[in-house]
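Below: one structure, written as structure tokens.
The values are calculated or read from the model by the stated rules, or taken from the named source; none is laboratory data. This one's a predicted model, so the numbers in the text were calculated from it and none came from an experiment. Every residue, glycine among them, receives a Cβ derived from its backbone with ideal geometry; neighbour counts consider all protein chains shown. Quick note on the areas: whole protein, heavy atoms, side chains included, nothing else; ligands and nucleic acids left out. Shrake-Rupley method; radii C 1.70, N 1.55, O 1.52, S 1.80 Å.
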Amino acid sequence: MIVGIIGSGGREHAICTMLKSSKKVSELYCFPGNAGTSKIAKNIDLNVDDFEKLKNFILEKKIELVVVGPEKPLVDGIVDYLEKFKIKVFGPKKLASQLEGSKIFTKKICEKYNIPTAKFGIFDNIHNAVKFLKKSKYPIVIKADNLASGKGVYICDNEEESMNAVQEIFQGKFGDAKNVLIEEFLNGEEMSFFVISDGISIQNFGTAQDHKRVLEGDKGKNTGGMGAYSPSRLITNELEKKIIKKIINPTLKALKELGTNYKGFLYAGLMIVDNEPYLIEYNVRMGDPECQTILPKLKTDLVDVFLSCCEQKLNQIKLDWSNKKSLCIVLCSKGYPDKYKKNIEIKNLDKIKLNSNDYIFHAGTFKNSDNKISAMGGRVLNFVSLSEEFVNAKKNILNHLNILNWSGGFFRKDIGYKVIDK
Ligand code: AMP
Ligand code: GLY
């Protein structure tokens with residue numbers, strides 16, 4: 001089978017790697033991919049926003065299944081478009097992707113279906129937002145209502161910070177956000193919870209704890225994710241049942257009532273407060289770096305999983321998971337998430353000997369014409385290791401990072417601190 005993957009991050013390299021290990025996959029294309037995917041797939045440098053060009057390429061190369069990694073093409077309606085040409089695509093349609101594309105769409109569903117979430121208000125002009133903030137208790141959370149790669153969220157400790165936040169959002173710092181969302185601050189522990197759905201049934205697809213902040217101790221600016229571990233230390237059968245019953249099922253019901261269904265990965269970003277789940281946000285894709293952390297634990301052939309979703313036969317497949325613990329540390333360019341230098345060569349990659357429980361997934365890398373690998377993005381490489389204990393997974397990764405010894409980068413040394421005793 002010929003498979004195409006859209007995206008260029010660590011998540012997509014992880015998906016490519018698992019698909020490559022399937023005997024059923026004969027050829028892989030990645031749009032546009034990175035230096036890591038170039039080893040196992042054909043990287044195709046075309047503009048993914050140009051759906052027509054992409055569709056023509058898919059038809060010409062007889063690609064039989066397309067997997068969409070990132071949110072933007074999903075929110076822009078790539079699945080609806082490709083399906084019109086009878087192309088099999090793994091991912092949710094445009095209407096369902098609003099779960100990630102518009103925080104207000106999700107909040108309204110929460111309100112109507114009684115899904116536990118932070119109390120909130122929606123403001124379409126700065127005047128009313130300011131009036132409300134002057135009467136509010138702090139801390140308070142302020143969000144832009146559009147895709148902002150996790151950056152359009154402010155946790156404000158006082159009135160001054162909140163005034164700055166609403167000003168920046170309405171001035172267009174995160175693109176064209178017509179509304180701000182002001183919500184209650186939830187004090188708990190976060191968890192990333194994943195399910196996979198074919199529109200009829202769902203299966204759990206693991207849990208993880210992501211470290212979003214750039215500095216050790218979970219401090220500093222928000223990033224795309226500096227590392228993760230799976231499973232989350234919070235998950236129990238009881239909590240899992242609550243999440244499905246109170247959050248996932250009502251959401252899927254809401255989508256059905258809106259006339260659509262959900263095919264793809266659904267990622268619930270949750271805050272767990274006193275063993276009760278609250279929805280912070282939905283993402284309509286796998287997390288990054290959670291995908292790199294969770295996928296190596298999956299023993300079932302990934303292509304069968306994707307196909308069963310596209311054919312609405314997910315209930316006929318049993319997902320088989322390793323019981324091992326998985327940890328991922330992200331190596332970033334110095335300066336990330338602010339300005340960083342590009343085009344810095346990464347040597348020593350071939351000096352690292354990986355065993356069957358270790359992985360290096362590329363993110364912002366590219367291969368020069370002379371076959372040298374250089375960094376071009378903020379998040380550059382993902383080091384993943386599976387082990388009986390988190391502490392050993394981390395030791396393996398630190399050993400690999402030590403061998404790489406890349407002077408252009410930095411990483412957090414405390415990933416997993418809540419599950420690893422010093
Ligand atoms: P989001 O992009 O909505 O996931 O928000 C980014 C991060 O902000 C989350 O991962 C949380 O750490 C934090 N956050 C968002 N909403 C809240 C909230 N209501 N209470 C506490 N923290 C929040
Ligand atoms: N790791 C957070 C995200 O993928 O949105």
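Taking ASN348 as the residue in question, decide whether it is open to solvent by 60 Å² or more (accessible area, probe 1.4 Å) and modelled with pLDDT of 95 or more. Judged against the criteria, ASN348 is not a match. Selection over the stretch 215-239 of residues that are more than 13 Å from ligand 2 (Cβ to nearest atom) and not in a loop (DSSP other than H, G, I, E, B) gives a count of 7.
I'd like the residue in the stretch 17-33 that is out of contact with any Cys (no Cβ under 9 Å at 6 or more places or on another chain) and in a strand (DSSP E or B) and, out of all such residues, is farthest from ILE5 (Cα to Cα). Break it down stepwise before answering.
The initial filter retains those residues of the stretch 17-33 that are out of contact with any Cys (no Cβ under 9 Å at 6 or more places or on another chain), namely 17-27, 29, 31-32.
Cutting the leftovers down to in a strand (DSSP E or B) gives us 27, 29, 31-32.
Numbers: GLU27: 11, TYR29: 6, PHE31: 6, PRO32: 9 Å.
If we take residues in the stretch 17-33 being out of contact with any Cys (no Cβ under 9 Å at 6 or more places or on another chain) and in a strand (DSSP E or B), then GLU27 is farthest from ILE5 (Cα to Cα).
Would you check if GLU281 is within 16 Å of ligand 1 (Cβ to nearest atom), touching a residue at least 40 places away in the same chain (Cβ under 8 Å) and buried (at least 22 other Cβ atoms within 10 Å of the Cβ)?
The answer is no for GLU281.
Tell me yes or no: at least one residue of the stretch 303-312 is within 16 Å of ligand 2 (Cβ to nearest atom), open to solvent by 10 Å² or more (accessible area, probe 1.4 Å) and within 14 Å of ASP198 (Cα to Cα). Explain how you work it out, then say what you get.
Our first condition is that a residue be within 16 Å of ligand 2 (Cβ to nearest atom); within the stretch 303-312, this holds for none.
Looking through the stretch 303-312, none of the residues is within 16 Å of ligand 2 (Cβ to nearest atom), open to solvent by 10 Å² or more (accessible area, probe 1.4 Å) and within 14 Å of ASP198 (Cα to Cα).
Determine whether the stretch 186-203 contains at least one residue that is among the aliphatic types (A, V, I, L, M), more than 23 Å from the chain's Cα centre (by Cα) and in a strand (DSSP E or B). The answer is no, given that none of the residues of the stretch 186-203 is among the aliphatic types (A, V, I, L, M), more than 23 Å from the chain's Cα centre (by Cα) and in a strand (DSSP E or B). Apart from one condition, SER369 fits all of (1) within 24 Å of ARG412 (Cβ to Cβ); (2) at pLDDT below 95; the exception is (1).
Can you name the residue in the stretch 364-405 that is aromatic (Phe, Trp, Tyr) and within 22 Å of TYR336 (Cα to Cα) and, of all such residues, is surrounded by the most Cβ atoms within 10 Å (Cβ to Cβ)?
Ranking the candidates gives PHE383 first.
Annotation: MET191 fulfils all but one of (1) touching a residue at least 24 places away in the same chain (Cβ under 8 Å); (2) more than 16 Å from ligand 2 (Cβ to nearest atom); (3) crowded, with 19+ Cβ neighbours inside 10 Å; the unmet one is (2). Residues of the stretch 130-153 that are at pLDDT 90 or above, buried (at least 17 other Cβ atoms within 10 Å of the Cβ) and away from ligand 2 (no atom under 16 Å from the Cβ): LEU133, ILE140, VAL141, ILE142.
Considering every residue within the stretch 176-188, establish whether at least one is within 16 Å of ligand 2 (Cβ to nearest atom) and either at pLDDT 95 or above or crowded, with 16+ Cβ neighbours inside 10 Å (or both). No; the residues of the stretch 176-188 include none that is within 16 Å of ligand 2 (Cβ to nearest atom) and either at pLDDT 95 or above or crowded, with 16+ Cβ neighbours inside 10 Å (or both). Select from the stretch 1-16 the residues that are farther than 14 Å from ILE63 by Cα and outside any loop (DSSP other than H, G, I, E, B) and write down the one among them that is farthest from the chain's Cα centre (by Cα). The qualifying residue farthest from the chain's Cα centre (by Cα) is CYS16.
Filtering the stretch 293-314 to residues that are closer than 17 Å to GLY206 by Cα and of a type outside the set (A, V, I, L, M, F, W, C) leaves THR293, PRO296, LYS297, LYS299, THR300, ASP301.
In the set (1) farther than 29 Å from GLN312 by Cβ; (2) open to solvent by less than 30 Å² (accessible area, probe 1.4 Å), VAL68 fails one condition alone, (1). All of (1) farther than 27 Å from LEU95 by Cβ; (2) part of a strand (DSSP E or B) hold for TYR282 with one exception: (1). Restricting attention to the stretch 406-422, the residues that are open to solvent by less than 10 Å² (accessible area, probe 1.4 Å) and over 21 Å from the mean Cα position of the chain (by Cα) total 0.
Yes or no, residue by residue, for (1) of a type in the set (Asp, Glu); (2) open to solvent by less than 60 Å² (accessible area, probe 1.4 Å); (3) without any contact (Cβ under 8 Å) to a residue 24 or more places away in the chain; (4) more than 14 Å from ligand 1 (Cβ to nearest atom):
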site	(1), (2), (3), (4)
ARG213	no, no, yes, no
ARG233	no, no, no, yes
ILE243	no, yes, no, yes
ILE247	no, yes, no, yes
PRO250	no, yes, no, yes
LEU255	no, yes, no, yes
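Provide a single number: the residues in the stretch 313-324 that are open to solvent by 60 Å² or more (accessible area, probe 1.4 Å) and either in contact (Cβ under 8 Å) with a residue 60 or more places away in the chain or under 22 Å from VAL79 (Cα atoms) (or both). Working first, answer last.
From the stretch 313-324, those open to solvent by 60 Å² or more (accessible area, probe 1.4 Å) are 313, 315-316, 318, 320-321, 323; that's our starting set.
Checking which are either in contact (Cβ under 8 Å) with a residue 60 or more places away in the chain or under 22 Å from VAL79 (Cα atoms) (or both) leaves us with 313, 315, 321.
Qualifying residue count, the stretch 313-324: 3.
If the condition is being acidic (Asp, Glu) and either outside any helix (DSSP H, G or I) or in contact with a helix residue (DSSP H, G or I) (Cβ under 6 Å, 6 or more places away or on another chain) (or both), then the stretch 348-405 contributes ASP358, ASP370, GLU388, GLU389.
The residues of the stretch 81-98 that are free of Cβ contacts under 8 Å to residues at least 60 places away in the same chain, open to solvent by less than 70 Å² (accessible area, probe 1.4 Å) and assigned to a loop (DSSP other than H, G, I, E, B) amount to a single one, ILE87. Taking interchain pairs and intrachain pairs at least six residues apart, which have beta carbon atoms under 6 angstrom, with the first residue in the stretch 285-300 and among the aliphatic types (A, V, I, L, M) and in a loop (DSSP other than H, G, I, E, B) and the second within 10 Å of ligand 2 (Cβ to nearest atom) and open to solvent by 10 Å² or more (accessible area, probe 1.4 Å)? From the stretch 285-300, the pairs are MET286/ARG11.
Among the numbered conditions (1) open to solvent by 40 Å² or more (accessible area, probe 1.4 Å); (2) under 19 Å from GLY9 (Cα atoms); (3) touching a helix residue (DSSP H, G or I) at 6+ places or on another chain (Cβ under 9 Å), the only one that CYS30 does not meet is (1).
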